[in-house]
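These notes concern the structure reproduced below.
The values are calculated or read from the model by the stated rules, or taken from the named source; none is laboratory data. Since the model is a prediction, treat every value here as computed from it, not as a measurement. Here the Cβ positions follow ideal geometry from the backbone for every residue, glycine too, while neighbour counts run over all protein chains shown. Protein only, heavy atoms only, side chains kept; ligands, DNA and RNA dropped before computing areas. Shrake-Rupley method; radii C 1.70, N 1.55, O 1.52, S 1.80 Å.
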Amino acid sequence: MNQVEALEKAILDRAEQMASECHSRADAGRKNILREASDKLHLREEKETLLAKSQADRAYLRKVQADELKLHSKMDHMRWNLVQVVVDRLKQEMADFCKQKAQYFELLQALLKQAAAQIDDDQLLVKVNPEDLRRLQPEWQKLTDNLVAGKQFQLLEETLNTVGGCLVTTADQRVQIDHTFEGRLTRLERKVHQALVERLLPPVGDGQAL
């Protein structure tokens, strides 16, 4: 082989080698580009999946919170209705108790003693409902004489619209102790309602929560 042919062969060999190297580099570059594109696509899919999951979680949480609010509203309404039913029954129970003369008169005496302890005046005026006035008038002196040392109780003809109990005032009407059933219930309303709710609707455990 002459020098020209040898040179041509060397040039062709070198060209083939360079072409092969370029092809390898191009193939590696293509693979890198595809891998990077795949990684970016995967990251984008993950981000979109996380975003969709986050949006779904927020939507579910909003629905749960809305349902809980509705449930609490219904529970509050039910509690109120139950409490009102029981309070109405309490009034009926008190009315029935007032018919038990001996026990009821003992209660009235206890209420008068309590009022006398809270009022400094010696002369105290007492108002009751019409039925109690009718029953108490014949026995008033016996019930109140020496009930509280130094205190005089005067039963007034003026009556109250009440289930039972009494209203005790000073002669000048400046001080009064409301021991009617309604008056005492109003003062104890918060405690009564709390006690009724605790008895009627005990707290729900975590396992029973919505």
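Restricting attention to segment 48-176, close to 55% of DSSP beta bridges with both partner residues there are antiparallel. FRET efficiency for the Cys22 to His42 pair, using the beta carbon distance and R₀ = 25 Å, is estimated at 0.25. Pairs from the list Lys9/Lys31; Lys91/Lys127; Lys99/Lys142; Lys70/Lys191; Lys101/Lys142 with a Cα-Cα gap above 21 Å: Lys9/Lys31; Lys70/Lys191.
Could you order the peptides 78-88, 15-25 from most to least packed, using the average number of other C-beta atoms within 10 Å per residue? Don't skip to the end; give the middle numbers.
Numbers: 78-88: 13.5, 15-25: 10.0.
Ranked from most to least packed, the peptides come out as 78-88, 15-25.
Accessible surface of segment 1-113, 1.4 Å probe: 59 percent of it comes from carbon and sulfur atoms.
Considering only Met78, Leu50, Ala26, and ranking their Cα positions along the charge dipole of segment 1-81 that arises from unit charges at the beta-carbon of Lys, Arg, Asp and Glu, the one farthest toward the positive end is Met78. Under the combined filter of DSSP loop state and at most 16 neighbouring Cβ atoms within 10 Å, segment 132-177 retains these GluC sites (Glu not before Pro): Glu157, Glu158. Given the options Phe105, Val87, Val126, identify the residue whose Cα lies farthest towards the positive end of the charge dipole of segment 59-170 (+1 on Cβ of Lys, Arg; -1 on Cβ of Asp, Glu). About the Cα centre, the residue reaching furthest to the positive side is Val87. Calculated on the Cα set of segment 48-161, radius of gyration then Dmax: 27.9, 89 Å.
The aspartates and glutamates within cross-link reach of Lys53, meaning a Cα-to-Cα straight distance under 17 Å and a gap of 8 or more places when in the same chain, are Glu45. For the chain, the solvent-accessible area works out to 75 Å² per residue, with a probe of 1.4 Å and every protein chain left in place. Among all helices in the chain defined by DSSP H, which have a length of 20 Å or more along the axis from Cα atoms plus a Kyte-Doolittle mean of at least -0.5? Both cut-offs are met by 101-118.
At 4 °C and 1.567 mPa s, grab the translational diffusion coefficient of the chain from Stokes-Einstein with a Kirkwood Rh over Cα pairs, rounded to a whole number in µm² per second. Mind dumping the intermediate values first?
Details: Rh = 25.7 Å.
Reported coefficient: 50 µm²/s.
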